Amino acid sequence: MSPAAANTSWPPAEGESSKNALVLREIHVSFPRPDGPFPVLRGFSLAVALGEAVGLVGPSGCGKTTVLRVAAGLLRPERGEVRVRGKPPRGQVAYLPQGDSLLPWRTALGNVLAALEVDGPVSPQARKTALELFSRFGLSGFERSFPRELSGGMRQRVALLRAFLARRELLLLDEPLGALDALTRAALQDWLAEALRFFPRTVVLVTHDVEEALLLCDRVLVLSPRPAQILREIRPATPRPRPRGSPEVQTLRLQVLSALAQQAHGQSG
Ligand SMILES: Nc1ncnc2c1ncn2[C@@H]1O[C@H](COP(=O)(O)OP(=O)(O)O)[C@@H](O)[C@H]1O
Ligand SMILES: [Mg+2]
């Protein structure tokens with residue numbers, strides 16, 4: 001099936017929007033460049049069911065971050081429709097941007113509480129709950145540390161905890177573990193699986209780690225180079241989270257890598 005066919009087979013009828021946590025329908029985005037518009041998304045469509053975790057993997061620069069920014073309502077597409085539970089995305093989405101997103105002048109606790117402050121003053125009870133989460137999620141003793149005093153893994157836990165505490169149904173995570181070394185990353189993948197059990201959410205996870213997507217997601221979408229199209233959809237048979245070395249994960253990982261490699265060859269030759 002060609003990438004275009006994979007993409008056009010999907011968009012659901014109008015009434016389907018509210019059944020899904022997220023619907024992107026025929027999204028077009030291009031950025032102005034001196035030599036003319038630079039197309040990043042051309043008719044990109046995606047539906048994510050309530051409670052589903054969807055992984056997006058694809059080559060660097062294909063438009064993954066752009067997809068999340070559109071879904072978060074931070075970037076308005078030239079064409080196409082964005083619906084979060086049938087409505088515009090504003091106020092319904094917790095978005096963890098790529099890179100280090102903590103406020104350097106606030107403590108770890110202050111950063112986490114920032115998620116609650118957007119909805120109004122934080123009650124003593126909410127503050128107490130946030131403190132309990134620090135110990136539950138392996139951050140005990142670091143409540144009053146500033147981001148510069150924390151390891152990369154700790155900083156990402158704080159950033160993720162903040163995203164979970166925002167109490168938004170839809171969680172958009174842009175390479176949340178991308179900057180970590182392999183061991184820390186594996187530990188945080190387990191941590192993230194546990195956090196998702198504790199805070200059930202609809203998730204879109206962008207990652208360049210194919211195994212990570214296969215461990216944590218219900219469905220993994222393999223994207224083409226820019227303008228991003230959905231090349232393949234992988235649905236593991238077993239429920240998430242999956243054990244790291246499982247034969248299923250390893251087999252699917254090779255399938256995803258081969259889909260990515262084929263596309264890369266297609267582009268160059
Ligand atoms: N604000 C912007 N202005 C101009 N070009 C942009 C902007 N944001 C992204 N791009 C370009 O769009 C393409 C896709 O970017 P992005 O969505 O960040 O890709 P990915 O996250 O898959 O690496 C890249 O070539 C990038 O340089
Ligand atoms: Mg990106």
Worksheet item: Counting only DSSP beta bridges with both residues in the chain, what percent are antiparallel, rounded to the nearest 5?
Response: 55 percent
Worksheet item: How large is ³J(HN,Hα) for each residue in the range 234-244, as worked out from phi by the Karplus curve 6.51 cos²θ - 1.76 cosθ + 1.60 (θ = phi - 60°), to whole Hz, x for Gly and Pro?
Response: 10, 10, x, 6, 8, x, 7, x, 9, x, 3
Worksheet item: Which cross-chain or sequence-distant (5 or more) residues have an amide H under 5 Å from the amide H of R42, H modelled 1.01 Å from N in plane?
Response: V29, A228
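Report the Rg/Rh value for the range 102-167, based on alpha-carbon coordinates and the Kirkwood definition of Rh. Please report the intermediate quantities before stating the final value.
Details: Rg = 10.7 Å, Rh = 11.5 Å.
That ratio equals 0.92.
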Practice prompt. Using a Gaussian network model of the chain whose springs link C-alpha atoms within less than 10 Å, name the residue from L192, L257, L173 with the highest mean-square fluctuation.
Written response: L257
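Rounded, prolate or oblate: which fits the range 53-206 when a ≥ b ≥ c are the square roots of the eigenvalues of the alpha-carbon gyration tensor, with rounded for a/c under 1.5 and prolate only if a/b beats b/c? Mind showing how you got there, number by number?
Working: a/c = 1.84, a/b = 1.31, b/c = 1.40.
Oblate shape, in that a/c is at least 1.5 and b/c is the bigger or equal ratio.
What do you get for Rg/Rh of the chain when both radii come from the Cα atoms and Rh is the Kirkwood radius? Don't skip to the answer; put the middle values down first.
Working: Rg = 18.8 Å, Rh = 19.3 Å.
With Rh from the inverse mean 1/r over Cα pairs, Rg/Rh is 0.97.
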Worksheet item: Among G99, G141, G91, which one moves the most in a GNM of the chain with springs linking Cα atoms closer than 10 Å?
Response: G141
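Using just the helices of the chain, give the 222 nm mean residue ellipticity in deg cm²/dmol: DSSP H runs with n ≥ 4 each add -39,500 (n - 2.57), and the total is spread over all residues, rounded to 500.
Calculated mean residue ellipticity at 222 nm is -11000 deg cm²/dmol.
Rg over Rh of the range 175-267, using C-alpha atoms and the Kirkwood radius, what does it come to? Please report the intermediate quantities before stating the final value.
On the way: Rg = 13.5 Å, Rh = 14.0 Å.
Looking at the range 175-267, the ratio lands at 0.96.
All of the numbers you see were taken from the coordinates with simple rules; none came from a lab. Keep in mind that what you see is a predicted model, and the values were worked out from it rather than measured.
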